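Have a look at the structure below, then the notes.
The values are calculated or read from the model by the stated rules, or taken from the named source; none is laboratory data. Computed from a predicted model, the values in this text were never measured in an experiment. With ideal geometry, Cβ positions are generated from the backbone for all residues, glycine too; neighbour counts draw on all protein chains shown.
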Amino acid sequence: MASAALTLLSPLFPNSLKPSLKLRISAVPRNGSYTLMQENLKLDEQLSLRREMLKGLAMLPLLVLGEAPVSEAREVEVGSYLPPSPTDPSFVVFKASPKDTPALRAGNVQPYQFLIPPSWKQSRVANILSGNYCQPKCAEPWVEVKFEDEKQGKVQVVASPLIRLTNKPNASIEEIGSPEKVIASLGPFVTGNSYDPDELLETSVEKRGDQTYYKYVLETPFALTGSHNLAKATAKGSTVVLFVASATDKQWPTSQTTLKAMLDSFEV
């Protein structure tokens, strides 16, 4: 009868004094499940069993350990599941829906979309940054989604409660203030740390139907996100939404055209 063994060591005792427990997992199921038999091991067996523990973990069948979620098991290129852009075949289209983020499920953010190269991968957003803990009434900005490519850079969507920038309900981005005023409030969420007005190289205003967008080019040598940042902001409903594309000095020369195309494609 084949079996796999694990050592369980109590954290309450020093290693030299710890008794160990061997769990032997029978390969023969009993009543639809695997039988666990426990037997005490001698202390002199601990060392050899520890060396074998990792091997045992790697070889245990999935029906014993349980199958890991796909998102944890491997990163997936977005081109494998997102539809190609109808206007540019070198990109795919990401359209955010309620299943993607807590704020979209709560109705605090309107659906948004943007183009992205098919080789990029989506990054996990930490729970404390995602706004999951404070929906539906978050007082501070949160990160909606993040994507990155180690050779080209990264992008993220940041959402901020409108009340943080203005007391006027459902205000447009123009009603909040000038492009310079808006970036002064949201700049730290572009750079990941601080914002200096001297880092702002260029601003522009874009109109798409009834929606107005403020666009920014920043050179940020001390930013955590990268020394080159592009940003685009708009307001809709009760939220200001900020799209940020970032690159390091090494990535920027070859990726700036791609990042600008992604920025231009962003819309809410």
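Structure values in brief
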quantity: Residue count, the stretch 77-127 (criterion: under 17 Å from residue 264 (Cβ atoms) and of a type in the set (A, V, I, L, M, F, W, C)); calculated: 8
quantity: Hits in the stretch 109-130 (condition: among the polar types (S, T, N, Q) and over 14 Å from residue 152 (Cβ atoms)); calculated: 110, 113, 122, 127, 130
quantity: Options 207, 215: the member that is assigned to a strand (DSSP E or B), assigned by TED's automatic domain parsing to the domain that holds residue 152 and touching a residue at least 40 places away in the same chain (Cβ under 8 Å); calculated: 215
quantity: Residue 159 vs. criteria over 29 Å from residue 91 (Cβ atoms) and aliphatic (A, V, I, L, M); calculated: no
quantity: Complete set of residues in the stretch 231-254 that are free of Cβ contacts under 8 Å to residues at least 40 places away in the same chain and outside any strand (DSSP E or B); calculated: 249, 250, 253
quantity: Within the stretch 99-198, strands (runs of 3 or more DSSP E) holding 2 or more residues that are among the acidic types (Asp, Glu); calculated: 142-149
